[in-house]
Amino acid sequence: MKWFKYQISTTTAASDLIVAMLAEQGIEGAQVEDHVPLSEADCRRMFVDITPDMPADDGLAVVDFYTEEELSDEALQAVRDGLAETALFVDIGEGTIAKSETEDQDWMNSWKEFFHPFTVDDILIKPTWETVSEEEAAGKIVIEIDPGIAFGTGKHETTQLCIRGLRKRVTEGCSVLDVGCGSGILSIIAYTLGAAHVVGTDLDENAVTAAKENMLKNLLPEDAFTLHMGNIIDDEAVQQAAGSEYDVVVANILADVICPLSGMITRHMKKGAYYITSGIIDTKEAEVTRAMQANPELEIVEVTRQGDWVSITARKR
């Protein structure tokens, strides 16, 4: 299916007003492209550790919107009239409208062509929509994953660091807490390695849904796992639901989340329990180390690295 794409060349100052003007005319889903850098507050809200290099903010913006049918001359003139009215209040720059056609794509699933079976030591991770031969699976622990729109195929260095951490620390019959469980891949691996029960938490409803579906796809019994949506750092209801006395806690998130998590996570851990963390870009290693050392109940016992990423494992004294 083809879509009609319209681009309005304007200014950053006018972009939000133009989006609102389009909405008043029944044109929803407009998006703004500009070069305004993310603020520190934005990064914290989005759990962003690093941001891509961007051109300097030049004050210019483009407002895009798509329609299934080409706008009529009357509808297009109404947009032009709306731009003219907006220009009475703010500089809209060029204010020109460009039209093009684009093919519809299944953006939600197009990434799947890049996700193929791979191994992390003796663990073979495969997408649910692909098959592996008996020869490929021989001697391997096979994990099936469909992350949907949640984080976690297992291919990222941070996830692989956590997988190897779990391989070392999970013992038969232990209990595991997976903070920021994403697709559930670490929870599934922990159970497969011998954990008796796994509890996962995540802020994203889609992640909780994906994790539950992936656990069922891997034939985990329903009483083997429990999932909670919410922020375990500051949500008392989630803290109480998660419980305590875990043998292993794993958190593959980001440094800016691991730092505050490290100040309170020991309330969920047994004495001698392990706290495996990753998602830490190497430039943030010192910051996370200081946060762990600030908790007198934590003792750092291992630091491992892969590429630019770091995993820090601590133990509850």
Dipole moment magnitude, nearest 20 debye, the chain about Cα centre, only Lys, Arg, Asp, Glu C-beta charged: 2100 debye
Members of 217/284; 155/316; 155/212; 2/155; 155/217 lying beyond 31 Å, as alpha-carbon distances in this model show: 217/284; 2/155
Based on the alpha-carbon gyration tensor of the range 163-317 and its eigenvalue square roots a ≥ b ≥ c, which shape applies: rounded if a/c is under 1.5, prolate if not and a/b is larger than b/c, or oblate? rounded
Output the antiparallel fraction of DSSP beta bridges having both residues in the chain, as a percent to the nearest 5. 60 percent
Accessible area per residue for the chain in Å², computed with a 1.4 Å probe and the full protein assembly in place, what is it? 52 Å²
Over the chain, with a Gaussian network built from C-alpha contacts below 10 Å, which listed residue (17, 298, 166) shows the highest mean-square fluctuation? 17
Residue of 273, 14, 211 that the Gaussian network model of the chain assigns the largest fluctuation, springs spanning Cα pairs under 10 Å: 14
Provide the packing ranking of 198-206, 221-229, 3-11, i.e. peptides ordered by the mean count of other C-beta atoms within 10 Å per residue, highest first. 198-206, 3-11, 221-229
When the charge dipole of the chain is computed with +1 at the Cβ of Lys and Arg and -1 at the Cβ of Asp and Glu, the Cα pointing farthest to the positive end, of 19, 208, 174, is that of 174
Give me the mean projected area, in nm² to one decimal, of the convex hull enclosing the Cα positions of the chain. 19.9 nm²
Using a probe of 1.4 angstrom, how much of the accessible area of the range 202-317 is carbon and sulfur, in percent? 46 percent
Segment residue 88-residue 135, length gained on full extension (0.36 nm per residue, minus Cα span): 9.9 nm
May I ask for the angle, rounded to the nearest 10°, between helix 205-217 and the longest principal axis of the chain, with both axes built from Cα atoms and the value confined to 0 to 90°? 50 degrees
Build a GNM of the chain with springs between Cα atoms under 10 Å: which of 76, 220, 186 gets the top mean-square fluctuation? 76
Over the chain, the sum of -39500 (n - 2.57) across DSSP H runs of at least four, divided by residue number and rounded to 500 deg cm²/dmol, gives at 222 nm -9000 deg cm²/dmol
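The values are calculated or read from the model by the stated rules, or taken from the named source; none is laboratory data. All values reported here derive from a predicted model rather than from experimental measurement. Cβ sites come from the backbone with ideal geometry, for glycine too, and all protein chains shown count toward neighbours. Just the protein is used for accessible areas: all its heavy atoms, side chains included, with ligands, DNA and RNA removed. Shrake-Rupley method; radii C 1.70, N 1.55, O 1.52, S 1.80 Å.
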